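Chemist: The structure is given below, and queries will be raised subsequently.
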Amino acid sequence: MNGGISIHCVDVANGRVAVGLGVSVHRLGGGELIAQGAVNAQGLFEHPALMSEAITAGGYDVHFAVGDFYRKLRGTPGTAIAPSAFLELVPYHFHIVDATKHTHLPFKFTPWGFSLFRGGA
C-alpha cells in the first residue's frame, strides 16, 4: 500500500492558511509533472495523484509559487506583503525511500523566508 504525500501551507506573515497558493509536484530526473493546483481552504494541497500509486520510492521536486501568492494579496486590507517579490518560486527537493510510509510536508512562509520539513502526519 502507498503512503502518499500531504502538503500543508501556512502564510505565517498573516497568520492564516495559504488559500490559493500555487503548488506543483514533479519527479526528479526528468521533471514529470505529477500534480499541480492550488492550496484549499484548509491549507492543504490535495490532488488525487499524491495519494495514489504514482508516488513511489525516488526523488521529488515541489514548487511553491510564493511571489504570485503575495502579488494576488496586494490591496487586501490588513495583509502583510513585500513591497516587491523577494521570494518567487520556492523549490524543495526530497527523496522517498519507503513509499509505504506517509510523507507530510508542512510549508510555513512569509514574503521573505520559509520553513519546510518532513512532518509527522
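The values are calculated or read from the model by the stated rules, or taken from the named source; none is laboratory data. What you see is a predicted model; the values in this text were computed from it and never measured. Every residue, glycine among them, receives a Cβ derived from its backbone with ideal geometry; neighbour counts consider all protein chains shown. These accessible areas exclude ligands, DNA and RNA; they are computed on the full protein's heavy atoms, side chains included. Shrake-Rupley method; radii C 1.70, N 1.55, O 1.52, S 1.80 Å.
Chemist: Do any trypsin sites (Lys or Arg not before Pro) in region 1-102 lie in a loop, going by DSSP, with at most 14 other beta-carbon atoms within 10 Å of their beta carbon, and if so which?
Modeler: Those satisfying the criteria are Arg74, Lys101.
Chemist: Classify region 27-73 as rounded, prolate or oblate from the Cα gyration tensor: take a ≥ b ≥ c as the square roots of its eigenvalues, call it rounded if a/c is under 1.5, otherwise prolate when a/b beats b/c and oblate if not.
Modeler: Oblate shape, in that a/c is at least 1.5 and b/c is the bigger or equal ratio.
Chemist: Could you tell me the convex hull volume per residue, in Å³, taken over the Cα atoms of the chain? Before the final figure, lay out each step's value.
Modeler: On the way: hull volume 11.6 nm³, N = 121.
Roughly 95 Å³ of hull volume per residue.
Chemist: What ³J(HN,Hα) values, in whole Hz, does the Karplus curve 6.51 cos²θ - 1.76 cosθ + 1.60 give for region 26-40 when θ = phi - 60°, with x put for Gly and Pro?
Modeler: 10, 7, 5, x, x, x, 3, 6, 9, 7, 8, x, 10, 5, 8
Chemist: While we're here: Tell me, what % of the accessible area of the chain is carbon and sulfur with a 1.4 angstrom probe? Kindly include the intermediate steps, with their values, before the conclusion.
Modeler: Values: 3700 of 6140 Å².
Here carbon and sulfur together make up 60 percent of the probe-accessible area.
Chemist: Could I ask something else about it? For a quick protection proxy, order the peptides 38-48, 4-14 by their average other-Cβ count within 10 Å, most packed first. Please list the in-between numbers first.
Modeler: Details: 38-48: 15.5, 4-14: 20.5.
The packing order, highest mean first, is 4-14, 38-48.
Chemist: Round to a whole angstrom and tell me the spacing of the C-alpha centers of region 85-121 and region 23-60.
Modeler: So the two Cα centres are separated by 12 Å.
Chemist: Search the structure for amide H atoms under 5 Å from the amide H of Phe107, placed 1.01 Å from N in the peptide plane, and list their residues when 5 or more places away or on another chain.
Modeler: His8, Cys9, Val10
Chemist: Taking the Cα centre of the chain as origin, sum charge times position over the Cβ atoms of Lys and Arg (+1) and Asp and Glu (-1), and report the length of that vector in debye to the nearest 20.
Modeler: Working: 8 positive and 8 negative charges, 70 e Å.
Roughly 340 debye, rounded to the nearest 20.
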